[in-house]
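What follows is a single structure, written as structure tokens, with notes after it.
The values are calculated or read from the model by the stated rules, or taken from the named source; none is laboratory data. Every value quoted in this text rests on a predicted model; they were computed, and no experiment measured them. Reconstructed Cβ throughout: ideal geometry from the backbone, glycine too, with neighbour counts over all protein chains shown.
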Amino acid sequence: MRNESGPLKLLLVEDSPADAYLVREAIRAEGLPFELQVAEDGEIALEILDQLDSPSGSAALSLLLLDINVPRQDGTVVLERLRRIERCAGVPVVMISSSDSPGDRERAFELGATEYFRKPSSLAEFMQLGKIVRRLCMGATAA
Amino acid sequence: MSDFNNFSRSTVFSRPEPEPDLLARLAQAEETIQAIHHGEVDAVVVNGPRGPQVYTLEGADHPYRVLVEKMHEGTVTLNDHGLTLYSNPQFASLVGAEPHAVTGSQFTCFLQESDANMFASLMEAAIGRGHSSGNLNLREQRGSLIPVRVSLTLLDIAGIKNISILVSDLREQQRNEAILREEKLSRLILDQAGECIVVIDPQGTIVRRSESAKALVGGFMLLERFDDVFPLTSAGEPFNANRILTAAAAGKPIRGLDVTMPHADRRTSALLVSARPLWSEASELLGCVVVLTDITERKRAEEALAQQAAELARSNSDLRQFAYSASHDLREPLRQLAVFSELIQQRVGDRLGEEGTHLVGYAVNSAHRMEKLLADLLAYIQAADAPQDAAASTDANEVMKKIVGTFQERIAETGARIQCGPLPVLAVHEVHLVQLLQNLIGNALKYKSDQPPLIHVEAERAAGEMWRLSVSDNGIGIKPDYQALIFGLFQRLHGGGKYSGSGIGLAICQKIVHRYGGTISVKSELGRGSTFLFTLPGASA
């Protein structure tokens, strides 16, 4: 899963700048080189994925961080689009949500999420997201 | 009959002719013979040399005898001591005896005993005044009583005083009177019945109707056509006499069918129609009895009620949606507030100084408290929203095991003991039973006295399918004044210090119990612990 030739290529679909900031902080705390692209709604996320799918597409994606509840296009549509891109088929997806209902968690895995991360209200817990990213991108042994 | 004067219709006088004309006399004689022949003459009075002489004609008695023997009424002749000298067959059959057995008997033998005195007075009156009459009861041989009218006439024949009695059976008359009374009663019932009752014949013509039926349409005449008077429609289709009669003839009575009827003044009545066939004794269809019940007012009230209910449901749903959105959406910025406050402490804490760090700490705490509050509020809303599955079935023993697991740490900390009797399988969603018992056990652990908590969970059968469960503790207890309040939303009995909480837990419990048709209550004594009692439906085996 690791991008051998450079920093991790991460895509975050998140409409809240505050949460985007926290996600970035959590990953940064892990000390890994990374590039984080933020799509503020589903439509922008789809455009980015379209570019990935073109022959002139940029380097492959290391990980998708997806808030399911974003404007314009639902997060599920973004996830489906990602899974249709051949070289992205194995890209891990962390579903980020403010819901802690078991139903939402189950649905996320049904849709093909690799991890489900409920946005917590304590800083220490939020920082755990960085560890999840490290584990998924570097492999369990590197964590 | 110019030369004969009628004597009481049937007696003829013959006057002497000084110089009779032969032809005229012959004609007179022929007429007289003719009259005798036809029974018009019973006796002839001839003025002879020894004065007028009466010649009775024996043949004239005959029709009277026949009449007496054949007539419908009974007749008897008594002597002045009440002994029966003669009875016609009708009287004998009336009292159920042979005529010869009647003759020679005292007439009072055939009377109801209590009528003997009255009969004696009638006899006395007849002997004194020549005639009397009254109503009596005969007693026939088998003992049944026959009401009769008796007319007594004194017969003074050659100085011998006999009494002739004409006896008329009153039974038929009484029967007719009873029928008449009944007929009158049914007319009164029909007139005064609150229901609109209309009787139609097989041609759909109205033959009877109650006054209320007249009032419903503002008056109508009998023999009008049902369809003209009652232009009914059912589900947009005309509902006419033909349909009523067809259904009746097919043996399908109409029961409470909804119909509407327009009025001339543009009002519309909502009616319920019931109709039953009317059969004669010979099983001919005589028509139908149609009953119309005016439900216009009831219908209007029902519609108003349904509208209110719909509005209420809508506003309820709006409120729930609002509460859900509010509590859900408020959590997001609050969560960020909490995290960023911490981030401030962490990143720039050294520049804030001791006081600044302290103040940010308050902000973090407040944000966390509010977050917990919103989470509980959300749980409260969801306690009502979760789908109610009729087939839900949860073993309360399993749920208790889970809850003990959840509170493991707290149980160890406090040295609590939880004693649990055998519990039933309940027709309740697991998520609800967990929420309910977790709140109650959690409270018992939280509001503990100085002693280690001792918690009992028990169940017993209640009315019908219900079970009564109890959770009791040896905690601090609840003042009687507060016991009615504790199930309300945001009801907290303790200041923020010693016991934390949102005041929603018991409101959630009550909501869950109510949605399964149960009740929840508390018995408690301050300083001596509390017992929460609630009922829930058992799962059908």
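Of all residues in region B:236-251 being in contact with a helix residue (DSSP H, G or I) (Cβ under 9 Å, 6 or more places away or on another chain) and not in a helix (DSSP H, G or I), which is surrounded by the most Cβ atoms within 10 Å (Cβ to Cβ)? Here the answer is B:Asn240.
Can we say B:Asp80 is at negative phi and modelled with pLDDT under 75? So B:Asp80 does not fit the description; no. Counting only strands (runs of 3 or more DSSP E) that fall entirely inside region B:104-213 and contain at least 2 residues that are within 30 Å of B:Ala248 (Cα to Cα), the qualifying elements are B:196-200, B:206-209.
Of the residues making up region A:106-124, those that are farther than 19 Å from A:Ala18 by Cβ and either aromatic (Phe, Trp, Tyr) or surrounded by fewer than 16 Cβ atoms within 10 Å (Cβ to Cβ) (or both) are A:Glu106, A:Phe109, A:Glu110, A:Gly112, A:Tyr116.
Yes or no, residue by residue, for (1) within 12 Å of another protein chain (Cβ to nearest Cβ); (2) more than 17 Å from B:Glu332 (Cα to Cα):
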| position | (1), (2) |
| --- | --- |
| A:Ser98 | yes, no |
| A:Ser101 | yes, no |
| A:Gly112 | no, yes |
| A:Phe117 | no, no |
| A:Ser121 | yes, no |
| A:Glu125 | yes, no |
| A:Ile132 | no, yes |
| A:Arg135 | no, yes |
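Of all residues assigned to region B:175-189, none qualifies as being closer than 23 Å to B:Ile295 by Cβ and in contact with a strand residue (DSSP E or B) (Cβ under 7 Å, 6 or more places away or on another chain). Of the residues making up region B:7-27, not a single one is in a loop (DSSP other than H, G, I, E, B), on the phi > 0 side of the Ramachandran plot and modelled with pLDDT of 80 or more.
The criterion of being at pLDDT 85 or above, surrounded by 12 or more Cβ atoms within 10 Å (Cβ to Cβ) and of a type in the set (Ser, Thr, Tyr) holds for B:Ser133.
Taken residue by residue, region A:25-37 has at least one member that is in a strand (DSSP E or B), of a type in the set (A, V, I, L, M) and either within 17 Å of A:Leu136 (Cα to Cα) or within 14 Å of chain B (Cβ to nearest Cβ) (or both).
Counting only helices (runs of 4 or more DSSP H) that fall entirely inside region B:349-453 and contain at least 2 residues that are within 47 Å of the chain's Cα centre (by Cα) and of a type outside the set (Asp, Glu), the qualifying elements are B:430-446. Determine whether region B:316-324 contains at least one residue that is in contact with a helix residue (DSSP H, G or I) (Cβ under 8 Å, 6 or more places away or on another chain) and not charged (D, E, K, R). Yes: region B:316-324 contains one or more residues that are in contact with a helix residue (DSSP H, G or I) (Cβ under 8 Å, 6 or more places away or on another chain) and not charged (D, E, K, R). Summed over region B:277-302, the residues that are under 18 Å from B:Gly194 (Cβ atoms) and touching a Cys at 6+ places or on another chain (Cβ under 9 Å) give a count of 5.
Selection within region B:320-368: residues that are closer than 17 Å to A:Phe126 by Cα and either in contact with a strand residue (DSSP E or B) (Cβ under 8 Å, 6 or more places away or on another chain) or among the acidic types (Asp, Glu) (or both). The member of this set that is farthest from the other protein chains (Cβ to nearest Cβ) is B:Glu332.
Residues in region B:155-209 that are of a type in the set (Gly, Ala, Ser) and modelled with pLDDT of 85 or more were compared, and the one that is farthest from B:Ser280 (Cα to Cα) is B:Ser164.
I'd like to check something: does region B:367-387 contain any residue that is in contact with a Pro (Cβ under 6 Å, 6 or more places away or on another chain) and surrounded by 15 or more Cβ atoms within 10 Å (Cβ to Cβ)? No, region B:367-387 has no match at all. Checked against the criterion of being among the charged types (D, E, K, R), within 30 Å of B:Leu374 (Cβ to Cβ) and assigned to a helix (DSSP H, G or I), region A:1-24 has at least one qualifying residue. Of the residues A:Asp41, A:Asp53, A:Asp74, which is away from chain B (no Cβ under 14 Å) and touching a Lys or Arg at 6+ places or on another chain (Cβ under 6 Å)? When all the criteria are applied, what remains is A:Asp41.
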